[in-house]
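The values are calculated or read from the model by the stated rules, or taken from the named source; none is laboratory data. The model shown is predicted, which means the values in this text are computed figures rather than measured ones. Backbone-built Cβ (ideal geometry, glycine too); neighbour counts: all protein chains shown. For the accessible areas, the whole protein counts, side chains as well, though only heavy atoms, and no ligand, DNA or RNA atoms are used. Shrake-Rupley method; radii C 1.70, N 1.55, O 1.52, S 1.80 Å.
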4 protein chains.
Amino acid sequence: MTDPRPTQAELDAFLKAEFPQTRCTLEAIDDDGVVMAHPIGETELRPGGTVSGPVMMTLADVALYVAILARVGIVPLAVTTSLTVNFLRKPRADRRVIARCRLMKLGKSLAVGEVWISSEGEEEPVAHAVGTYAIPPQR
Amino acid sequence: MTDPRPTQAELDAFLKAEFPQTRCTLEAIDDDGVVMAHPIGETELRPGGTVSGPVMMTLADVALYVAILARVGIVPLAVTTSLTVNFLRKPRADRRVIARCRLMKLGKSLAVGEVWISSEGEEEPVAHAVGTYAIPPQR
Amino acid sequence: MTDPRPTQAELDAFLKAEFPQTRCTLEAIDDDGVVMAHPIGETELRPGGTVSGPVMMTLADVALYVAILARVGIVPLAVTTSLTVNFLRKPRADRRVIARCRLMKLGKSLAVGEVWISSEGEEEPVAHAVGTYAIPPQR
Amino acid sequence: MTDPRPTQAELDAFLKAEFPQTRCTLEAIDDDGVVMAHPIGETELRPGGTVSGPVMMTLADVALYVAILARVGIVPLAVTTSLTVNFLRKPRADRRVIARCRLMKLGKSLAVGEVWISSEGEEEPVAHAVGTYAIPPQR
């Protein structure tokens, strides 16, 4: 039985193919999970210089997906079943947002993970998410 | 004391000014809440014809924001503090998604609301969200 | 194939057998879902006359469970996978709390429902919950 | 200005006074948060030897409350505004459940924290919770 786990390059290629419009980038994979980033520019800011909440929700959702694929192999049919996001602080307008995702549980049909999001180079988290993904049985 | 509640046209103008890139549109306001919509096209679909989760999260977040503004007046500093989304069914790839948002609580500093999302013309919901917004004190 | 749906009396008997210590009571079942209640006395109050949050979480959890059993038949192994509760207002100290639970989705392996909780005789909700249950395949 | 932070003995005394029926015990306080425990016996088990979900929700709720009091001083009016719990694995029927709570944010009016729950002596978490508390302004 071969190891289903893709390399970072394989995951990156998959991400670019499946989400051609995504601005999320895969920064690192390790045994604990994955690190992803999203640039912040005009598109991501709201008046007042706030990073839009949906940017962080999108990043959290993609990070969970990639963290699952990094463990079970590339299963494009995994779907989000729930996501809870708490917004904690105002992110910086001039830095990327970085998401660190770690799986809490990876069952046969359900994966649960958490994501901490912070502005690049800052310690305090700006948002925290917990999400669940359904993993299709046929793998 | 004047009624702080904006008209649908005022809210629509505000939405276009504050979120110039948004594709969410305000369809209706009534005493219970607001109805908003999001078109579905290439940008919103993932391979397999699934509407991307972040599209629905974005719509839910904006619908909550607009439902609050419809009640308290245009307070551009209200910020999302939490959002929980449950994805229930696969939306149709060929129809808009429609969000009906109703506030559960509108306190001085915190508003809580729920959003039901369905494909236009369908009865079964495709997603449900509950969100909280912090309302700044100076209004 | 026989209808798996139990009567209210059957559900009530099951509830008393499986949860001998519960103070939750089944008040009604209809096509939309179930209504359950919990008495409020010394045990449920915290200093200041507040109904304890865990009483409402317990009631929400049991109401979801019973709403699922009312539809799929008595499947004692269904387990809660997530519960999100928003506390909206202070319940009355001198009335029962009433939970109305409605399922949003009843899939083969996952059920999602919402629960509105209010003080008996009052219209405004005191809490709202959304929960998911995993339903075991062997039924 | 005096340090508002209570000692572990003071918090323990407060907990016993405010929640005379609680079976939750305070095990440790440190700069990161608090550790609390709940015994498991007949009352906490459901048929099949499963620890009841409400026991874990109650423990999570109390742990968040105590973690806030440990930082801001004994403010008995802090109230839970939301709690999201994900149940991950079946706890052991023969061991206490242990909750480790850490605050993510402690603002003037809102605190957000997470709680990891595991069976005593086991590494894998059995549940994870994220909760928000409203802190009254007059302190």
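General remarks:
- Here is the figure for segment B:28-65: residues that are in a helix (DSSP H, G or I), more than 19 Å from A:L45 (Cβ to Cβ) and under 15 Å from the mean Cα position of the chain (by Cα) total 7.
- Only listed residue being within 29 Å of C:E114 (Cβ to Cβ) and open to solvent by less than 30 Å² (accessible area, probe 1.4 Å), chosen from A:L69, A:L103: A:L103
- The single condition among (1) surrounded by fewer than 16 Cβ atoms within 10 Å (Cβ to Cβ); (2) at pLDDT below 90 that A:Q8 does not satisfy is (2).
- Residues of segment C:51-81 that turn out to be touching a residue at least 24 places away in the same chain (Cβ under 8 Å), over 25 Å from A:S109 (Cα atoms) and within 7 Å of another protein chain (Cβ to nearest Cβ), as a count: 3
- Filter pass, C:I98 being in contact with a helix residue (DSSP H, G or I) (Cβ under 8 Å, 6 or more places away or on another chain), in contact (Cβ under 8 Å) with a residue 40 or more places away in the chain and under 19 Å from C:I40 (Cα atoms): no
- Selection within segment A:11-39: residues that are aliphatic (A, V, I, L, M), more than 17 Å from B:P54 (Cα to Cα) and in contact with a strand residue (DSSP E or B) (Cβ under 9 Å, 6 or more places away or on another chain). The member of this set that is most open to solvent (accessible area, probe 1.4 Å) is A:I29.
- Among the residues here, D:T84 does not qualify as hydroxyl-bearing (S, T, Y), in contact (Cβ under 8 Å) with a residue 40 or more places away in the chain, open to solvent by less than 60 Å² (accessible area, probe 1.4 Å) and out of contact with any Ser or Thr (no Cβ under 6 Å at 6 or more places or on another chain).
- Total residues in segment A:96-119 satisfying the condition of being of a type in the set (D, E, K, R), closer than 21 Å to B:P54 by Cβ and more than 10 Å from every other protein chain (Cβ to nearest Cβ): the figure is 3.
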